[in-house]
Amino acid sequence: MKSTLSIKKTWLIAIAATFFVVSCSDETTVFENPDDNLVNETNQSKLDNSVSFERAGVLDIYEDPIATAKRFNLTGKTEEAGDYPLSLVAQIAPPSFDNGENLAATHVALDGDYGYVSYNTVGQDYVGAIDVIDISDPTDPRVTSRLYYTNADLNSIAYDNGYVYVAGGVDSEQSVTATANSLIAKIAVSGGRLNTSDITYGFQEGFNATDVRIVDNKAIVTSGQDGFVVVYDKNDLSALNEAAFSDLRSVAYSGSEIAVLDAAQGVTFLDQSLNVTRSINIDSDFGVDAKRTLDFSNENIVVSEGEKGAGVYNATSGSFVEYLPILTNPENAEPGEIVTNGVAVNEDLLLMANGAGGLSLSESKDGSTVGVGVIELTGSINFVTSKGDYIFAASGKKGFQIIKLNRPDESLVTRCEDLTSYSGSSNLNVNTGDDLAYRGSKRFNNVNIGGNLLLCGSWTVKDGVNINANGLFEMNGTIVIGRNNRQRNVTINSGATFRVEGNLTIYGDLVLNEGATIEFIGDDSVVNIFGNVTKGSNTTVEGTFRDVRGAF
């Protein structure tokens, strides 16, 4: 999918020069509680059925040839276990209703136990939606509220103190309230429910509002060609200040200053009064109607630059640091669809939403950024954000995707700090008589245990786990096996024991053959089995655990 902004009218090419308006536009208007063009979804079963676990499970990472070559030993025969044991938790299908069958996810905001997703429609129709998703239980996300807009595209969303703020475009000729085509809406939300009786609107010049960011007591909104960056009072959406730009796509905040991305010029840094402090001129084709974002990363700012990938610049000096290229080139993608739409930073990770090129992952090492590979996801990735142990991707018509990083728990790492970090084959074989113990965070193809194995940390296994007769597998941390559309089993054979302290997820069956034992340690273990538990004679299940899907 090339674009998510869905500009509906022929744009005039604005002049490149930036100018500023001291007073706010007379046409910036606030409306309270308009009830036209809104539909609140009340069918809970429809919301429940939006959540799909079909492809949930272990995610592979398609590495570039250089990275892949490094994971084979000198004989060229053994593939080493990969870093970043990711898993797909679930996908949320895009909303669909009469005259709104072509919605695509555009943006994600996160706060506490909830994720907030905006949607728009590519093409001539103005149709959008908002989803509220309860992610308090990462094993079982739920859509708790949904609102349809029948005359507005929603391109960006933010959350702050009991309200969601959405920015988008509206057909002002078809609206009884809109005075311009760019809108911001403030909608109350409580307990995961949107309150349509408590909505405030503001409108500003520009063919389509492209981004919204909440900074202290202000809402900052950018609008596209012939548009503005406008600072609103977040409480009543009264306009406080504005500055005109040629073609704004995104806004970011570093904690002290504002940065905006202007497709006609590059990055401009602004103080709180919207005065220009400095600029970074960028000679890239940002597209006519495409979503592009930017994000601060320590002393740098990372910019989505379409077909070039992501550009990294020093935020203080403006000097160019490096380009992060798009790592894949799918054969079936149309020209212009493989473009970097968005970037996100999470500690030492940098994620790039590359449209048809997928979601790529890079890591910062020793002052430089190294590409790891492309995460195995479906859909055109339009936007990505990441917080804590999760990645959230807006993937166009494939909707909202929740990915778990499966980072090791720090307390667990401390307890297991005397163990050796695992470095070896992606096919982990423990022979009879072996007594092995490792800590770390790796991706395996399969695990076969004849002796004793202790793993401390976070692990994924693409194929399956087999514990042979009298074998012992002890796991402290997190392990995910299989994928829901390609299920794989964990098999415990006669006299063997699987001892779990932490989180066990199996996309397949747990098979306890005659005389097998599974034991849960402590009071906080969680087991999430998408298949069945089959038990032979004289099998043993011990300990306290939370059985997410009632498999036992």
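The values are calculated or read from the model by the stated rules, or taken from the named source; none is laboratory data. Predicted model only: the values in this text are computed from it and were never measured. Note that each Cβ is placed from the backbone with ideal geometry, even for glycine, and that neighbours are counted across all protein chains shown.
Here is a yes/no grid of residues against (1) of a type outside the set (D, E, K, R); (2) farther than 16 Å from ASN445 by Cβ; (3) at pLDDT 90 or above; (4) in a strand (DSSP E or B):
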| site | (1), (2), (3), (4) |
| --- | --- |
| LEU47 | yes, yes, yes, no |
| ARG55 | no, yes, yes, no |
| THR68 | yes, no, no, no |
| LEU74 | yes, yes, no, no |
| LYS77 | no, no, no, no |
| PRO85 | yes, no, yes, no |
| VAL89 | yes, yes, yes, yes |
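TYR149 - would you say it is farther than 14 Å from ASN120 by Cα, among the aromatic types (Phe, Trp, Tyr), modelled with pLDDT of 85 or more and in contact with a strand residue (DSSP E or B) (Cβ under 6 Å, 6 or more places away or on another chain)? No: the conditions fail for TYR149.
Please indicate, with yes or no, whether at least one residue in the stretch 162-178 is hydroxyl-bearing (Ser, Thr, Tyr), buried (at least 17 other Cβ atoms within 10 Å of the Cβ) and at pLDDT 95 or above. Scanning the stretch 162-178 turns up at least one residue that is hydroxyl-bearing (Ser, Thr, Tyr), buried (at least 17 other Cβ atoms within 10 Å of the Cβ) and at pLDDT 95 or above. Being modelled with pLDDT under 90 and not in a loop (DSSP other than H, G, I, E, B) is true of THR369. Against the conditions (1) touching a residue at least 40 places away in the same chain (Cβ under 8 Å); (2) assigned to a strand (DSSP E or B), ALA180 satisfies every one except (2). Do we have any residue at all in the stretch 375-386 that's under 19 Å from VAL143 (Cβ atoms) and of a type outside the set (S, T, N, Q)? Yes, because at least one residue in the stretch 375-386 is under 19 Å from VAL143 (Cβ atoms) and of a type outside the set (S, T, N, Q). No other residue among GLY306, GLY355 is of a type outside the set (Lys, Arg), touching a residue at least 60 places away in the same chain (Cβ under 8 Å) and at positive phi apart from GLY355.
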